[in-house]
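Participant: I have a structure I would like to understand better, so I am pasting it below and will then ask my questions one at a time.
The values are calculated or read from the model by the stated rules, or taken from the named source; none is laboratory data. Just so you know, these numbers come straight off a predicted model, no measurement behind them. Counting neighbours? That spans all protein chains shown, and the Cβs are built from the backbone with ideal geometry, glycine included.
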Amino acid sequence: MRHAVRGKRLGRTTAHRQALFRNQLQSLVIRERIVTTLPKAKELRPIAERVITRGKHGTIHARRWALRWLSSRDLVKKVFDDIAPRFSERPGGYLRITKLGPRAGDGAEMAVIEFVEKGEAATASEPPKAKQAKKPAPPKKKAAAAGDEPKERAKKEAKAKPAARTKPEGSGGKKNAPRKMGAS
C-alpha cells in the first residue's frame, strides 16, 4: 500500500514521469497554454507553480533550481524575466485548469492548463477568431494553339489508363493451392 505517498504514478516509471513533466513544463513556458489529460494537468500544476515561485525570488540558487526542470537557459530567463514579474503581487495560484471533456479516441478526460494572467506572448500566439475569406482561384488558361490539344488529350488518356500489369514467368500459379500430402 502507498500510505502517505503523494502524486499519481500515471502508469510510468519515475524517470519517465519526470521526463514527461519536464517536457510539459517547457511547452507550458513556451506557449503559456497547453492541452493535456486532466490527471497530467493536475500533477503538473504544483511543479509549475513551484518554478514560478522560485522565479519570483530571483536568486542564482533559484535559477539553478529552475534549470533542473527547464533544460534551456532561455526558458529560465523567460520565467524569471517575463512570467514571474506578472505574478509578483499574487501569493500563488498562477495556473488555471479548465476541463474540456472526453477525448474522441479513448475517452480520456482532457483539460487546458494555462497561466491566469496572460502576457504579450500568449496573446500574440493565439489564432485570430474571425476567419478571412479565401481568395478566388485564378481562371484557367485556354490552349493558345490548336496543335497543343492532341498532346493534352494524349497525356490525360495516359494518366487515366494505367499500363496493364503482367506477371513475370515462374511467379507461381494459384496462391492458395492445396498442398500434396505425403510427397517429400
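Participant: Regarding the range 30-51, can at least one residue be identified that is under 21 Å from the mean Cα position of the chain (by Cα) and among the polar types (S, T, N, Q)?
Facilitator: As a first pass, look at the range 30-51 and keep what is under 21 Å from the mean Cα position of the chain (by Cα): 30-45, 47-48.
Checking which are among the polar types (S, T, N, Q) leaves us with 36-37.
Taking every residue of the range 30-51 in turn, at least one turns out to be under 21 Å from the mean Cα position of the chain (by Cα) and among the polar types (S, T, N, Q).
Participant: Sticking with this one: Test ILE113 against the criterion of being modelled with pLDDT of 95 or more and touching a strand residue (DSSP E or B) at 6+ places or on another chain (Cβ under 9 Å), and give yes or no.
Facilitator: yes
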